[in-house]
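Read the structure below first, then the notes.
The values are calculated or read from the model by the stated rules, or taken from the named source; none is laboratory data. Here the structure is a predicted model, which is why all the values come from computation and not from measurement. Quick reminder, even Gly has a Cβ in these numbers, built from the backbone with ideal geometry, and neighbours come from all protein chains shown. Please note that ligands, DNA and RNA were not included when accessible areas were found on the heavy atoms of the full protein model with its side chains. Shrake-Rupley method; radii C 1.70, N 1.55, O 1.52, S 1.80 Å.
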6 protein chains.
Amino acid sequence: MRLSGRAVDALRVIRFEPMVNKYAEGSCLVHFGDTKVLVTATVEEKVPPFLRNTGKGWVTAEYGMLPRATHSRTDREAAKGKQQGRTVEIQRLIGRSLRAVVDMQKLGERQIRVDADVIQADGGTRTASITGGYVALWLALQKLVATRDLAEHPITRAVAAISCGLVDGEAVLDLDYDEDSRAEADANFVLAEGGGIVEVQATAEADPFSPTQFRRLVELAEIGTARLFELQKEAIIAAMEGRPDLATPPPLSPE
Amino acid sequence: MRLSGRAVDALRVIRFEPMVNKYAEGSCLVHFGDTKVLVTATVEEKVPPFLRNTGKGWVTAEYGMLPRATHSRTDREAAKGKQQGRTVEIQRLIGRSLRAVVDMQKLGERQIRVDADVIQADGGTRTASITGGYVALWLALQKLVATRDLAEHPITRAVAAISCGLVDGEAVLDLDYDEDSRAEADANFVLAEGGGIVEVQATAEADPFSPTQFRRLVELAEIGTARLFELQKEAIIAAMEGRPDLATPPPLSPE
Amino acid sequence: MRLSGRAVDALRVIRFEPMVNKYAEGSCLVHFGDTKVLVTATVEEKVPPFLRNTGKGWVTAEYGMLPRATHSRTDREAAKGKQQGRTVEIQRLIGRSLRAVVDMQKLGERQIRVDADVIQADGGTRTASITGGYVALWLALQKLVATRDLAEHPITRAVAAISCGLVDGEAVLDLDYDEDSRAEADANFVLAEGGGIVEVQATAEADPFSPTQFRRLVELAEIGTARLFELQKEAIIAAMEGRPDLATPPPLSPE
Amino acid sequence: MRLSGRAVDALRVIRFEPMVNKYAEGSCLVHFGDTKVLVTATVEEKVPPFLRNTGKGWVTAEYGMLPRATHSRTDREAAKGKQQGRTVEIQRLIGRSLRAVVDMQKLGERQIRVDADVIQADGGTRTASITGGYVALWLALQKLVATRDLAEHPITRAVAAISCGLVDGEAVLDLDYDEDSRAEADANFVLAEGGGIVEVQATAEADPFSPTQFRRLVELAEIGTARLFELQKEAIIAAMEGRPDLATPPPLSPE
Amino acid sequence: MRLSGRAVDALRVIRFEPMVNKYAEGSCLVHFGDTKVLVTATVEEKVPPFLRNTGKGWVTAEYGMLPRATHSRTDREAAKGKQQGRTVEIQRLIGRSLRAVVDMQKLGERQIRVDADVIQADGGTRTASITGGYVALWLALQKLVATRDLAEHPITRAVAAISCGLVDGEAVLDLDYDEDSRAEADANFVLAEGGGIVEVQATAEADPFSPTQFRRLVELAEIGTARLFELQKEAIIAAMEGRPDLATPPPLSPE
Amino acid sequence: MRLSGRAVDALRVIRFEPMVNKYAEGSCLVHFGDTKVLVTATVEEKVPPFLRNTGKGWVTAEYGMLPRATHSRTDREAAKGKQQGRTVEIQRLIGRSLRAVVDMQKLGERQIRVDADVIQADGGTRTASITGGYVALWLALQKLVATRDLAEHPITRAVAAISCGLVDGEAVLDLDYDEDSRAEADANFVLAEGGGIVEVQATAEADPFSPTQFRRLVELAEIGTARLFELQKEAIIAAMEGRPDLATPPPLSPE
C-alpha cells in the first residue's frame, strides 16, 4: 500500500468548482488532493495570423504558478522577465490536449484562451490543468451556444489527463508530490473519452523501464481517466443547473 | 446613496481567511466585496546586500494579478517578459506600508517576502493587499515567535489601507470598480492603528479638487480603517485558535 | 533654521532656461538649486490606439537620469535592459500631472511627449520635472498656435510641484538631497494654479505622522507653488520675446 | 510503400562523422537523411549549484537551429532575444536522455555540456541530436579516461532515439519532414541498449489513436534503435582509430 | 617567417563550397584555413518600412557563432537573450559591405537576408563572412535572373575582405587566431574589385602605429583581395555548372 | 567652400567645459559646434573579473543619447529595453580609444568608467565623446594623484578623435549633420599625440573610394587633431586653476 493509504489504482479526492470566476466565460477551480488549479476560459473574437480567413478557430493555453504554491517559494516569472522551460512545456501540452477535442470548423474564427494558474501544488498540476481546463472550456463554449453565437457545441469528446508512475517498483496512479519525488518513472497520459490516446509523455527518472511496466502504466491511466470523465460530467451538469445564461436555446423555427 | 446601496462611509463586505495556504509561514485570502487577494508571507533567512551584517531585517512585497482577475483578460506579465508600471508601483507601496510597522532590529537579519496575488479584481486591490498582507505577515512572524526564533513579536502597530474618492461630487469610502471608473478623484490611504498616516496617494482624475474635499477623504479613511483594524484582530485570533504551532511559548525560565 | 540657511518655507534658487534645445518644439532646463533637469516636449501627429478617431489628444512623459547625475554612479537603465520601479513611478506621475491641465479636445488628435532627463540630482527631481515640464509643454503648444495648427492654446491652468517633508520634527519646503535622506516624512504635492490639488504623495519614512503635521505640509506646498507659478510665467514671457516663431497670429479676418 | 520508397520499418541513410570539431572534447556531425546536426560535448570543471560538494556530475544540453536550416527561414533566436518554446522542450529532452545513461558518481564533480546545432532540418532533429549526442558525449568522456581524469568510463549503456508515426493510417519509422507534416500521430522514443525505455513522447495530431496502434509504434522504435546502436558503435570505433589521444591508458601498476 | 610557415603576404588555404544548403536561394561554406563559415542568402519579397514604395531593395546580414566554434565554449546568445556587442558590430559590417556592391534599383523592392554562421573560428570570421557572403549573394540573385524575376544581375562589382596586422613588428596578411592574439595592430579591409575601398577598420592593440605601417597594411590587403576575387569567380563558375536552375535565360524575343 | 562657410580643413567651434558635474571625479561638457556631449569619469575600486589579482586596471565607456538630442525624437533605449547596435559600437570605440593611452600597471586595480551622454547631436558625437572623454579621464586620474592614491599620472599621451569625409567629391574635416548625411565617404580617426594611429574606421556610403582619397582624409585628421590636442591642454590647465583638490602633492620626503 501507498504511504497515503491509497490503493495503487486510486485517485486522490477530486473536486471541481465550476464557474467560480465572476468575469470569465468559463471557469473551474479543480482540486486533485491538495493540488488546486484555477482555470479560466476566455473567448476572443480573433484568431492567430495563420488562421485568418480560414473559417477555423483555435484554442491556446497559458500556465502559471503562484510563487508560494510550492513548498519553498518559487521566483515569480513576471519579476524574472521570462517563463521557465517547464512552464512553456506545460502550457504547450495543455493547448495541444484541448485542441484535440475541438472541431475548429464548428468553432469558427475565434480563439479560446485557457489560463491555468496553480494556487497550490502537490503533484499533478499539468494533469489537473487539462482535466479542469476541459470543464472551463466546455462551459465557455456552451455560453456561445446559449447566445446562439455557435449553432452547435464544438467539442467532439471529453479529454482528461492523469499521471502514473513507478514508485518503489510498483505502478501507481495519480502521484502526489512526495511520490513524484521518489518515482523511478513518471508518465502523464492524456486520454480521450472512448479510449483513444491524445498524448503520452513518459520519462525514466532512474534506470530505463521495460515495455511491460509501461503497459501497466497505460492500464492505470485508463482506469483513472474513466473516473475523471464521470466527474467532469457531473461538474458540468451541476454548473448548468440554475444558470439560465448557459441554457441551450431551442432550435430556430423554420420560417 | 450609492449605486451599490452602501452608505457613503460603508465598507464592502470584508472577509479574511487566514492560513489558507498549506506551505507559507503566514497567509490570508482577503475579500473586499468581489475583490479577492491571496497573500502569503515567506520567511527567508537572508537579507538584501545593503543590510548584511547590520543585524536588521527587511520586508519586501511582490504583486501580481491572474490574467482573468479582470473584466476583460489582462496579458500575463510572465509571458510579456516584464511587469507593468502599475504593478511595480503597487508592490513598492505594499512593501513600504508593511515595513512601516515592523521593528527591523527585533526582526533580525531575515527577510519576509509578501506575495499578493489578485484572484479577482473589483477595485481596491492594493488596499486589500496591504490590509490582508498585515494579517499574513503577523502570522508568519508569530510562527517565528512560536519556534523561539524571535524573542518578541516585531510588529509595532497594525496597519491597514482603504481607498476613498469623489464620485458624482460626493466623497465615498471603499470604491468598487464601477465607482472607481467614474470617480473624479481617487485616493488611497495607509493608516496605522492609533491614527498616524503611513502613506497617502491622491490623484485628481478630472479637475483638481479642493483641500476641503481632501480633508473629507481623510476622515472617511479614518472611519474605514478603524473597522479594518477590528476585523484584522478577529482574523488573527481566529487563526491562532487550535493551531498549537502558532502559540507563543512560555518565557524561558531564568537559570 | 535649516542646515542650508534657508527658512523653513523658502525654495532653493529656482531658474528656468527655456528653449535651450535646438530641435524640440518646446524645452526648458530647470534648476532647483543643484538639481538640473532638461525637459523637452515633442509634438507627434498620432495618438495611442485607445484615442484613435476620438478627436482627443494625449500627453505622456518619460523620465531618465544620467548615470553620474547622482553622488555615486547609478547603472544605466539602457545597459541593464529595464527601467527601475522608481523611474516608472516618476514618469507616470509627470504624465498624469501635465495631462490634468490640458484640454484634450482642444489639443486634437496629437500627442505631446515630454522627456525629463536629470543632468544633476540633488533632491526634488520629480517636482522639478513637472514644474519645468509645464514650461516646455506650454511652449511646444504655443508653437502649434503660432503655426495655426491649433486655434486656441489648450492649457487650462498652470501646474507646478514641490516637495515638503518633516526634518528633525519640523515641516520644511523643497528638500535637498541631504534633508531628504534624513526626513521622517516626505511628500510631493502637485498643485494647480488657483489652489486645486492635482496629486499628493506622502510617505512616512520612520514613524507614522499625524493629520496635523500633514496639514502643515499642505500649507507649505501652497506657499511654494505660488512662487513657482510666478517664475513659470516670467520664464514663458522671456522665452517668447524676440521669437517671432512663437508669436500668436492675429485672428483670421472674416470673409 | 512510402513516398520516399523506404519500407515502413526502414531508417533513412544514417551517417556519423565523429570528431569533426577542432576544439571540442567530443563532437559528431550526424546525418539522418538530409537532416544534419552538429553536436559537441564540452567538459566543464564545475557543476550547477545544487550539486556542489556532492561528488556527483551533470550532463546538460542546449539546442539551436541555423536560420536557414529550414525550408523557409526561421528568425534567429539570438536576435529575437528569447528561445522558442519548442527549443526549450527539445533541449530539456536531450539533456534528460543523455543523463539517463551516465553514472554521475563516476563522472565526479564536472559537467558535460552538449550543444546540438541543426545545420539542415528535414525531420527528426531531436532524435538525431540525442543519437549523435551520445557519440559526442562518449568521446568526450573517453578523453577524460585517456588523460586518467576518470578511472572508468561513466557511461552505463548506449542510448538512441528515433521518431515513428502514423501516416495515412500506417505506422512508419523515422519520418522525414514531408511525412511528419502529414502524420496523424507523431511519437519520439528514446531507448536504451538492452530494450529499456528512457522517454516516450507521443502526440495525436488529428484524432486520438488506439493503444494497439501505439504498440506498433513501440515495435518500430525497437527495430530502429537496434540499428542505431550498431552504427553508434561503428562510429566510435572509427573515431578511436589512429587517435592516440583517445586511447585508454594501461592500468596503473601497483607499487 | 611566420609561425605557420606562411609568407607575410600569403593567404591561408581558402576554399568555397557553394550551394551546400538544400533550401537557401544561395549559399556557400567558406574556409579560411580552419575558420569555417556557412553563409546563406534568403530572398524575401518585402523590404524594411523606410524603403516601401521606393522601388529599391535592401541587403541585410545577421551573424552568429556556434557555441563551440571557439577554443573554449562561448555562451549561446539565444540562451542569454541578447546578442553581444561584437556580434552586432560584425553583422552591421557584413551588411554595409555587401550593400556597397548591389544596385538597389535593379534589385527592386525585395530584401536579401544574408546569414553568416561560424561553424569553426580560427581568426578572420568577419572577413570570411563577407568574402563567402558575396558568393552566396551572387548565387541567390542569379536564381532570380534565371527565373526572370530580375532582368539584370544587380551586382555592380565583386567585394572581398581580408585582415592584416602587425605581429612582432611585421605586417602580415590573413591572421589566424594565434597571430591575432599577439598582434600589435589589427585591421580589416573590405575592398571592391578594381581597387576601391569599401571599409577600413584598424585598431592599435598596444601602442599607436604609424601612417607608414598603415600604408603597408593597405598594400597587403590589395594583394590578398586580388587573390580572393579570382577564387570567388572560380567558385561561382563551378556552382553554375550542371545547375540548369541557375542558368541565365535567353533574352525575350521581340513580339 | 562648404555650406557652413568653413574651410575644408577647419574645425567647428570647439569648447570644453571641464568639471561641470558636482559629483563625478572628472567631467567635461564638450561642444563641437552644436554637438554637445557631457562626459563624466567615475573611479571604481574594483576591476572586471578577468583582471582580478593582476595589479592592472581598466577603462570602460558607456554612451547614450537623450531622446530629443536629435532632429526627430529617438526612442529611449531604457524604455525599449535594449541598446541599439550603433550605441554598442560607439561605446566600444570610446573605451578602446581611451585605454590606448593609459598605463594600466600604473593605474593599478581600479576601473575608470567613462559615461558620454549626448545632450544635442549635430554630427560627430563619437569623436566629441572621445576628445572630451580624454579631458574628463585626465582630471579623474589627477584627482587620484592629488590624494596620493596614485604615485604617477598613468596617462601616456593625449588622444583625440575627429571625423573626415568626402562631400561632393571633396575631402573635408569635422562634418556636421548636414554634411554627414550627404557624404560619399565617412571616416573617423582616433590619433595619439605624436602622430600615431589608434583607430581608423572608414566607410564608403556610395561608391568605393580610392587609396589616394583615403590618404587625403588621413592628412585632414592630422591637422584637426593637432588643434584638438592644444585645446585639450588649455582646458585641463583652466580646470586645475584654483582647484586645490586637483593639485599634485609635493613628493614625499625621504625618511
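Residue count for segment B:8-29, restricted to those that are open to solvent by less than 60 Å² (accessible area, probe 1.4 Å), outside any loop (DSSP other than H, G, I, E, B) and away from every other protein chain (no Cβ under 13 Å): 3. State all residues of segment D:43-70 that are crowded, with 21+ Cβ neighbours inside 10 Å, more than 14 Å from chain E (Cβ to nearest Cβ) and in contact with a Phe, Trp or Tyr (Cβ under 7 Å, 6 or more places away or on another chain); if no residue qualifies, say none. Correct list: D:47 only. Restricting the first member to segment A:198-220 and to residues that are free of Cβ contacts under 8 Å to residues at least 24 places away in the same chain and open to solvent by less than 30 Å² (accessible area, probe 1.4 Å), and the second to residues that are in a strand (DSSP E or B) and acidic (Asp, Glu), the beta-carbon pairs closer than 8 Å and six or more apart or on different chains are A:202/A:186; A:202/D:199; A:203/A:186; A:203/D:199; A:204/D:199.
Would you confirm whether or not segment F:32-46 contains a residue that is over 28 Å from residue F:221 (Cβ atoms) and part of a loop (DSSP other than H, G, I, E, B)? Walk me through it before giving the result.
To start, the set of residues in segment F:32-46 that are over 28 Å from residue F:221 (Cβ atoms) comprises F:42-46.
Applying the additional criterion that residues be part of a loop (DSSP other than H, G, I, E, B) yields F:45-46.
Checked segment F:32-46: at least one residue is over 28 Å from residue F:221 (Cβ atoms) and part of a loop (DSSP other than H, G, I, E, B).
Only one entry in A:12, A:52 is touching a strand residue (DSSP E or B) at 6+ places or on another chain (Cβ under 6 Å) and either at positive phi or of a type outside the set (Val, Ile, Thr) (or both), namely A:12. Taking the numbered list (1) open to solvent by less than 20 Å² (accessible area, probe 1.4 Å); (2) more than 21 Å from residue C:55 (Cα to Cα); (3) away from chain B (no Cβ under 14 Å); (4) part of a helix (DSSP H, G or I) in turn, residue C:94 passes all entries but (3).
Screening F:165, F:132, F:108 for residues that are within 22 Å of residue C:21 (Cβ to Cβ) and either in contact (Cβ under 8 Å) with a residue 60 or more places away in the chain or away from chain C (no Cβ under 14 Å) (or both) leaves exactly one candidate, F:132. All conditions but one from (1) among the basic types (Lys, Arg); (2) within 22 Å of residue D:86 (Cβ to Cβ); (3) within 13 Å of chain B (Cβ to nearest Cβ) apply to residue A:73; the one that does not is (2). State whether one or more residues within segment D:149-158 are buried (at least 21 other Cβ atoms within 10 Å of the Cβ), closer than 25 Å to residue A:166 by Cα and within 14 Å of chain A (Cβ to nearest Cβ). Yes, segment D:149-158 contains a residue that is buried (at least 21 other Cβ atoms within 10 Å of the Cβ), closer than 25 Å to residue A:166 by Cα and within 14 Å of chain A (Cβ to nearest Cβ). Within the bounds of segment D:228-250, is there any residue that is within 14 Å of chain A (Cβ to nearest Cβ), surrounded by fewer than 21 Cβ atoms within 10 Å (Cβ to Cβ) and more than 23 Å from residue A:99 (Cβ to Cβ)? Yes, there is a match, as at least one residue in segment D:228-250 is within 14 Å of chain A (Cβ to nearest Cβ), surrounded by fewer than 21 Cβ atoms within 10 Å (Cβ to Cβ) and more than 23 Å from residue A:99 (Cβ to Cβ). Would you confirm, using the coordinates I've provided, whether residue C:220 is farther than 24 Å from residue C:138 by Cβ, at pLDDT 95 or above and away from chain B (no Cβ under 12 Å)? Yes; evaluated as a whole, the condition is true for this residue. Can we say residue A:179 is of a type outside the set (A, V, I, L, M, F, W, C) and over 19 Å from residue A:122 (Cα atoms)? No, not satisfied. When residue D:81 is tested against (1) touching a helix residue (DSSP H, G or I) at 6+ places or on another chain (Cβ under 8 Å); (2) over 24 Å from residue D:29 (Cα atoms); (3) of a type in the set (Gly, Ala, Ser), exactly one condition is not met: (1).
Taking segment D:212-252 as the range and being of a type in the set (Val, Ile, Thr) and over 23 Å from the mean Cα position of the chain (by Cα) as the test, the residues that pass are D:212, D:248. Pairs linking a residue in segment A:66-78 that is in a loop (DSSP other than H, G, I, E, B) to a residue that is aromatic (Phe, Trp, Tyr), with Cβ atoms under 8 Å and 6 or more positions apart or on different chains, are A:70/B:23; A:71/A:177; A:71/B:23; A:72/B:23. Only one entry of D:146, D:187 meets the criterion of being open to solvent by 10 Å² or more (accessible area, probe 1.4 Å) and either touching an Asp or Glu at 6+ places or on another chain (Cβ under 8 Å) or not charged (D, E, K, R) (or both), and that entry is D:146.
Annotation note: Cβ proximity below 6 Å between a residue of segment A:47-58 that is modelled with pLDDT of 95 or more and a residue that is in a loop (DSSP other than H, G, I, E, B) and basic (Lys, Arg) (sequence gap 6+ or interchain) occurs for A:57/A:110. Considering the conditions (1) among the β-branched types (Val, Ile, Thr); (2) closer than 29 Å to residue B:233 by Cα; (3) open to solvent by less than 20 Å² (accessible area, probe 1.4 Å), residue B:167 is excluded by exactly one of them, (2).
Any idea which of B:78, B:116, B:100 is more than 9 Å from every other protein chain (Cβ to nearest Cβ) and open to solvent by less than 40 Å² (accessible area, probe 1.4 Å)?
On the way: B:78 fails: more than 9 Å from every other protein chain (Cβ to nearest Cβ); B:100 fails: more than 9 Å from every other protein chain (Cβ to nearest Cβ).
It is B:116.
Looking at segment D:84-91, can you tell me whether even one residue there is within 28 Å of residue D:198 (Cα to Cα), buried (at least 23 other Cβ atoms within 10 Å of the Cβ), touching a residue at least 40 places away in the same chain (Cβ under 8 Å) and not polar (S, T, N, Q)? No: segment D:84-91 contains no residue that is within 28 Å of residue D:198 (Cα to Cα), buried (at least 23 other Cβ atoms within 10 Å of the Cβ), touching a residue at least 40 places away in the same chain (Cβ under 8 Å) and not polar (S, T, N, Q).
For residue D:178, indicate whether it is of a type outside the set (Gly, Ala, Ser) and in contact with a strand residue (DSSP E or B) (Cβ under 9 Å, 6 or more places away or on another chain).
Values: of a type outside the set (Gly, Ala, Ser): yes; in contact with a strand residue (DSSP E or B) (Cβ under 9 Å, 6 or more places away or on another chain): no.
No; evaluated as a whole, the condition is false for this residue.
For residue E:5, the test of being at positive phi and surrounded by fewer than 23 Cβ atoms within 10 Å (Cβ to Cβ) is passed.
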